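Student: Here's a structure for you.
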Amino acid sequence: MADDPDAWWLDERAHAGREHFDEQHARRYDTKMDAEAAAEVRLLQASGVLTPTSSVVDLGAGSGQFSLAAAPVCRRVVAVDVSPVMLGQLVANIERAGAPNVEAVNAGFLTYRHTGGPVDLVYSRYALHHLPDFWKALALRRVAEMLRPGGALRLSDVVYSFEPADAERRIETWITETTSTDVERGWTRAELAEHVRDEHSTFTWLLEPMLERAGFDVVESSYSASGMFAWYLCRRR
Ligand SMILES: C[S@@+](CC[C@H](N)C(=O)[O-])C[C@H]1O[C@@H](n2cnc3c(N)ncnc32)[C@H](O)[C@@H]1O
């Protein structure tokens, strides 16, 4: 789509994060990132939104940590990622784990078309921030449309819960406290700075009305003490 000067729909790949097209980053992703998938699965089971009959779509699935943790306790998982490089890692992890009910699909928030019956749960962690806000709103509407009424969205992301006046202090503190010098195991200052500068993390007070407008009720929300992360459990009206 980027090759067509007349097209106005966003080319998601052009916004999906430089590092997600880097084979070396994809290989070390699981060492750098603990997606706390087992805890997420327990939480979603306890909330009653992840059951043995659930059909789940994981959007921006990355290496598949959540998809693979959810697979044994639900019926079907579709793991969707726009980067073929991250998807390669995901497919290797599916093969290693032997998870026959996980399907890998190369698509994005703005292009994935669900087939095969209604979806009970859409899961998305640390991926929506790749889209600028206008496109986040459209992506959330697409998510609502793939869910059955009453279906759930679990959304986690880098979302800012502080005021703009506090942004410099909060972001500098977060970067200073998070920075690692070991690129294999942690996040370097350059990687964290790149997130803030080049990606599209937004404020909680902009994202939450988007969720409502897209057709969701936010039933649970929580923010990190740093003001840098937000977690939502939403129900499609
Ligand atoms: C930081 S990783 C998070 C992966 C995984 N959800 C986790 O929590 O470990 C972000 C992922 O989102 C994917 N991504 C970026 N933009 C996307 C889009 N528009 N649609 C779907 N996936 C996207 C990237 O390729 C990458 O695999």
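We did not get these values from a lab; they are worked out from the coordinates using the rules stated. Since the structure is predicted, the reported quantities are computational estimates derived from the model, not experimental observations. Backbone-built Cβ (ideal geometry, glycine too); neighbour counts: all protein chains shown.
Student: For Thr202, what charge total do you get from the other residues with a beta carbon under 12 Å from its beta carbon, if Lys and Arg give +1 and Asp and Glu give -1? Display every interim value, and only then the final one.
Tutor: Numbers: positive: Lys136; negative: Asp133, Asp157, Glu199, Glu208.
Here the count lands on -3.
Student: Around Thr179, which amide H atoms from residues at least 5 apart in sequence, or from another chain, sit under 5 Å from its own amide H, with H modelled in the peptide plane?
Tutor: So Thr179 has HN proximity to no qualifying residue.
Student: Karplus couplings for region 168-173 from phi (6.51 cos²θ - 1.76 cosθ + 1.60, θ = phi - 60°), rounded to Hz, Gly and Pro as x?
Tutor: Those phi angles translate into 4, 5, 4, 5, 5, 4 Hz.
Student: Continuing with this model, one more query. Between Ala107 and Asp6, what's the calculated FRET efficiency when r is the beta-carbon distance and R0 is 22 Å? Round to 0.05. Present the calculation step by step, with values, prior to reporting the outcome.
Tutor: On the way: r = 22 Å, r/R0 = 1.01.
Efficiency at R0 = 22 Å is approximately 0.50.
Student: Same structure again: For region 94-104, just list the computed ³J(HN,Hα) in residue order, Karplus coefficients 6.51, -1.76 and 1.60, θ = phi - 60°, integers in Hz, with x standing in for Gly and Pro.
Tutor: 5, 5, 5, 7, x, 10, x, 9, 10, 10, 9
Student: Hand me the GluC sites (Glu not before Pro) from region 1-63 located in a DSSP loop with no more than 15 other Cβ atoms within 10 Å, in residue order please. Show your work: numbers first, answer last.
Tutor: Values: sites: Glu12, Glu19, Glu23, Glu36, Glu40; in loops: Glu36.
Answer by residue number: Glu36.
Student: Something else about it: For the chain, what is the charge dipole size about the Cα centre, in debye to the nearest 20, if Lys and Arg each add +1 at the Cβ and Asp and Glu each add -1 at the Cβ? Don't jump to the answer; show the numbers that get you there.
Tutor: Details: 25 positive and 35 negative charges, 189 e Å.
Once rounded to the nearest 20, the dipole reads 900 debye.
Student: Next question. Quickly work out the Thr179-to-Arg96 label distance, labels modelled 7 Å from Cα along the C-beta direction, and quote it in nm with one decimal.
Tutor: Taking the simple label geometry, Arg96 and Thr179 are separated by 3.1 nm.
Student: While we're looking at this one, here's another question. May I ask for the equivalent-ellipsoid semi-axes of the chain, computed as the square root of five times each C-alpha gyration tensor eigenvalue and listed largest first in whole Å?
Tutor: Values: eigenvalues 127, 92, 75 Å².
With the √(5λ) rule applied to the chain, the semi-axes are 25, 21, 19 Å.
Student: Another question, if that's okay. Compute the separation of the alpha-carbon centres of region 138-174 and region 1-76 and state it in Å as a whole number.
Tutor: Between the Cα centre of region 138-174 and that of region 1-76, the gap is 15 Å.
Student: Evaluate E = 1/(1 + (r/R0)^6) for Val196 and Phe21, where r is the Cβ-Cβ distance and R0 equals 25 Å; express this FRET efficiency to the nearest 0.05. Mind dumping the intermediate values first?
Tutor: Numbers: r = 20 Å, r/R0 = 0.79.
According to the calculation, E is roughly 0.80.
Student: With a 10 Å cut-off between alpha carbons and a GNM built on the chain, which of Val73, Val158, Val56 moves the most?
Tutor: Val73
Student: Rounded to the nearest 500, what is the chain's calculated 222 nm mean residue ellipticity when only DSSP H runs of at least 4 contribute -39500 (n - 2.57) each, over all residues? Can you show the working numbers first?
Tutor: Details: 8 runs with 87 residues, N = 237.
Mean residue ellipticity, 222 nm, calculated: -11000 deg cm²/dmol.
Student: Same structure again: Would you work out which of Ser226, Ala35, Asn93 lies farthest towards the positive end of the dipole of region 12-236? Charges go on Cβ: Lys and Arg +1, Asp and Glu -1.
Tutor: Ranked along the dipole, the leading option is Asn93.
Student: If you don't mind, another one. Only four residue types carry charge here, +1 at the Cβ of Lys and Arg and -1 at the Cβ of Asp and Glu. Report the dipole size of region 153-214 about the Cα centre in Debye, rounded to the nearest 20. List each step's numbers first, then the result.
Tutor: Details: 7 positive and 14 negative charges, 25 e Å.
So the dipole magnitude of region 153-214 works out to roughly 120 debye.
Student: Next question, about the same structure. For Val218 and Asp166 in the same chain, what is the full-extension length gain: residue separation times 0.36 nm, less their Cα-Cα distance, in nm? All intermediate terms of the calculation are to be shown ahead of the outcome.
Tutor: Numbers: separation 52, 0.36 × 52 = 18.72 nm, distance 2.54 nm.
Stretched out fully, the Val218 to Asp166 stretch lengthens by 16.2 nm.
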